Amino acid sequence: MSSQAYQDIISGPLSSYLSLSSKIGAEVAAQAKLVSDAFQTQLQYLRLAEARTVPSQSEQAGLLQPTSSVITAIQELREKNRTSQYFNHLSAISESIPALGWVTVSPAPAPYIKEMNDAGQFYTNRVLKDWKQKDQTHVDWVKAWVETLTELQAFVKRHHTTGLVWSKTGSGLKKVTPDMQTHKNPGLRTGPAPFKAATAPTAQVPSPAKGLASNKPPVFAKDGKKWLVEHQRGNKNLVVDGAEMNNVVYMYGCLDSTLTVKGKINSIFLDSCRKSAVVFDSLVSSVEFVNCQSVQMQVLGKVPTISIDKTDGCQMYLSPDSLDVEIVSSKSSEMNVLVPKGNGDFAEFPIPEQFKTTVGKSGLNTVVVESKG
């Protein structure tokens, strides 16, 4: 019974994650309780699948609603706590918890779980960076959560390789009452109904935001050291002025908008933005893009680091003072660096997306493979 194997995940790595979350406390513990509810709800769903035949599309949507609601609550908790010191913890779970949506995926749900696990990796890496020298609990927390999803992937690959398996016959035996006996009721002696193939389920569990996920009201506000620019639509005149050097600008869920940041600040972060741009003077740390589509940046002064993660389409206009910038990219495409030529024009250079790795006696050797044509 696959539900028993699923129970092993709950009592194993998930239990460790819940215990460590409780030890960290605050919003991490609150979110963990919702995660526990999500796994328990899915366990009940698996037990139902073992006991009955595949439901209709409309019925399945209703059966999945409890899981969907908990996942939404997990993601909303993150949105309500953007200034929390544990924001990266909350984001790691929020980005990867849609892995529980594997029950609606076919014909290969296991790779989908890995994709969701990878989606949270950006934030788990940040947790490790921030806490590994401070508190081992947070390192163990990351390990437990990643292991939970890794074991979930293995479970699905083993028991539900091509999609969630439903019972072919339903559960148990029903007592035969007189009105069900064919020798007493000739009308029941008709042949079986023609076979009708079950249609693929369409119910969906919320997936991680890539681009714009909602039509929430726009936000432009300062909260402590953080400037929040969220859910802006078609606003080309957004300006952050008077920020201090230790301030951070966080731009989230914006569409077709342009933000100008004046003065020198610590860092700028663009999350889930599309067709948007940021122009800034100088940064102490970095500008980061994650889950974005068709975005641009222009630095007028100095920027030490540009980080790009899970982003499709990123144009980076550099200044003469930023030619020594370090650019770190992962799981991204269509990235171009534009370097000033001195006459007002820019020379455009694409960042490699394709690599070739060979195995040698001393280990692996990876080189860039240039695109042809």
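The values are calculated or read from the model by the stated rules, or taken from the named source; none is laboratory data. Quick caveat: nothing in here was measured; it's all calculated off a predicted structure. Backbone-built Cβ (ideal geometry, glycine too); neighbour counts: all protein chains shown. We work out accessible area using only protein heavy atoms, side chains counted, and drop any ligands, DNA or RNA first. Shrake-Rupley method; radii C 1.70, N 1.55, O 1.52, S 1.80 Å.
Average 1/r across all pairs of distinct alpha carbons in region 324-369, invert it, and you get the Kirkwood radius: 13.2 Å.
Any idea what the dipole of the chain comes to, in debye rounded to 20, about its Cα centre with Lys/Arg Cβ at +1 and Asp/Glu Cβ at -1?
On the way: 39 positive and 34 negative charges, 249 e Å.
Dipole about the Cα centre, nearest 20: 1200 debye.
By a 1.4 Å probe calculation restricted to protein chains, Lys331 has an accessible surface near 110 Å², given to the nearest 10.
Surface exposure of the chain, expressed per residue as accessible area with a 1.4 Å probe, stands at 52 Å². Distance from the alpha carbon centroid of region 10-44 to that of region 280-323 works out to 36 angstrom. Distances between every pair of Cα atoms in region 18-154, grouped in 5 Å steps from 0 to the bin holding the largest one, split as 2, 10, 19, 23, 20, 12, 8, 4, 2, 1, 0 percent. With distances taken between every two different alpha-carbon atoms, region 3-42 has a Kirkwood hydrodynamic radius of 10.2 Å. Relative to the longest principal axis of the Cα atoms of the chain, helix 121-131 runs at roughly 60 degrees. Legend: translational diffusion of region 127-173 by Stokes-Einstein, Rh = Kirkwood radius over C-alpha pairs, 25 °C, 0.890 mPa s; D = 181 µm²/s.
Rounded to the nearest 10 degrees, the angle from helix 26-51 to the longest Cα principal axis of the chain is 30 degrees.
Output the relative contact order of region 231-331, whole-number percent, from Cα pairs under 8 angstrom with separation of 6+ residues.
That works out to 20 percent.
Charging the Cβ of each Asp and Glu at -1 and of each Lys and Arg at +1, and nothing else, the dipole of region 30-89 about its Cα centre rounds to 160 debye. Residue order by solvent-accessible surface for Lys310, Lys134, Lys356 is Lys134, Lys356, Lys310, largest first, with ligands and nucleic acids left out and a 1.4 Å probe.
Once the cut-off is 33 Å, how many percent of the Cα-Cα pairs in the chain end up in the long-distance tail?
Values: 29858 of 69378 pairs.
Result: 43 percent of Cα pairs exceed 33 Å.
Can you give the Rg/Rh ratio of region 230-306, where Rg is from the C-alpha atoms and Rh is the Kirkwood radius? Please report the intermediate quantities before stating the final value.
Values: Rg = 11.2 Å, Rh = 12.0 Å.
That ratio is 0.93, to two decimals.
With only Cα atoms counted, region 241-373 has Rg and Dmax values of 16.0, 56 Å. Between Lys134 and Asp118, the modelled labels are 3.0 nm apart [label points 7 Å from Cα along Cα→Cβ]. The stretch between Ser11 and Ser285 holds 94.5 nm of extra length on full extension. This uses 0.36 nm per residue minus the Cα-Cα distance.
Its relative contact order, with pairs defined as Cα atoms under 8 Å and 6+ residues apart, puts the chain at 10 percent. Counting protein heavy atoms only, the chain has 52 percent of its accessible area on carbon and sulfur, 1.4 angstrom probe. Solvent-free Debye calculation, one equal scatterer per alpha-carbon of region 51-115: log10 I(q)/I(0) at 0.27, 0.28, 0.29 Å⁻¹ equals -1.14, -1.17, -1.19. Of the residues Val146, Ser11, Val367, the one whose Cα sits farthest towards the positive end of the charge dipole of the chain is Ser11 (charges of +1 on Lys and Arg Cβ, -1 on Asp and Glu Cβ, taken about the Cα centre).
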